[in-house]
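Notes follow once the structure below has been shown.
Derivation of every value follows stated rules applied to the coordinates shown; laboratory data play no part. Bear in mind that the values here come from a model prediction, so they are computed numbers and not experimental data. For neighbour counting, all protein chains shown are included, and Cβ atoms are generated from backbone atoms with ideal geometry for every residue, glycine included.
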Amino acid sequence: MEDLLKQILLGINSMDKRLQNLESDVSGLKTDVSALKTDVSTLKTDVSTLKTDVAHLKADVSTLKADVAVLKTEVNRLSNRMDAVYEQVAGLTEFRAEVSQKLNEIAANQEILAEITGRHEVHIKRLQRQIV
């Protein structure tokens with residue numbers, strides 16, 4: 001009977017050791033689960049921050065698209081104005097050439113008139129001398 005009690009006691013001690021090992025393993029698992037919960041919480045926070053950042057980026061992209069559309073409109077408007085300026089400059093250049101040519105003609109005509117006026121003054125002086 002004593003042997004039987006010893007065997008039972010050995011079985012209980014063995015089970016006690018196993019139970020301690022199991023408790024130790026469960027404690028380790030609890031620590032691991034706690035660490036995983038912390039990591040998951042951190043990941044959730046990071047994902048939330050990323051979602052907020054993406055929302056801001058989308059808003060910024062939308063604003064940039066609107067700004068680009070405005071810039072395209074302004075560039076088209078300026079391009080149209082530049083075309084008008086080029087046309088006006090071409091017209092003014094043509095006008096300048098015409099005016100320059102006419103001024104040259106007027107200057108030449110003035111020289112001829114001055115010569116004619118000078119000859120007439122000479123004739124007038126001769127006539128005056130003849131009268132006196």
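General observations
- Listed by chain and number, the lysines whose alpha-carbon sits under 23 Å from that of K58, ignoring those within fewer than 8 places in the same chain, are K44, K72.
- Partner aspartates and glutamates for K125 [C-alpha distance under 20 Å; skip if fewer than 8 residues away on the same chain]: E115
- In this Cβ point-charge picture (+1 for Lys and Arg, -1 for Asp and Glu), the chain has a dipole of about 880 debye about its Cα centre.
- Every helix of 4 or more DSSP H residues in the chain counts as -39500 (n - 2.57), and over all residues that averages to -38000 deg cm²/dmol at 222 nm.
- Over the stretch 1-96, volume per residue of the alpha carbon convex hull, in Å³: 99 Å³
- Set of lysines with alpha-carbon distance to K6 below 26 Å, sequence-local pairs under 8 removed: K17
- Per-residue HN-Hα couplings for the stretch 42-51 [Karplus 6.51, -1.76, 1.60; θ = phi - 60°; Hz; x = Gly/Pro]: 5, 4, 4, 5, 4, 5, 4, 5, 4, 4
- Ordering A69, S27, T52 by the projection of their Cα atoms onto the charge dipole of the stretch 1-96, which places +1 on the Cβ of Lys and Arg and -1 on the Cβ of Asp and Glu, puts A69 at the extreme positive end.
- ³J(HN,Hα), Karplus 6.51/-1.76/1.60, whole Hz, each residue of the stretch 102-117, x for Gly, Pro: 5, 5, 4, 5, 5, 4, 5, 5, 5, 4, 5, 5, 5, 4, 5, 4
- In order through the stretch 20-25: 3J(HN,Hα) via Karplus (6.51 cos²θ - 1.76 cosθ + 1.60), integer Hz, x for Gly, Pro: 5, 4, 5, 4, 5, 5
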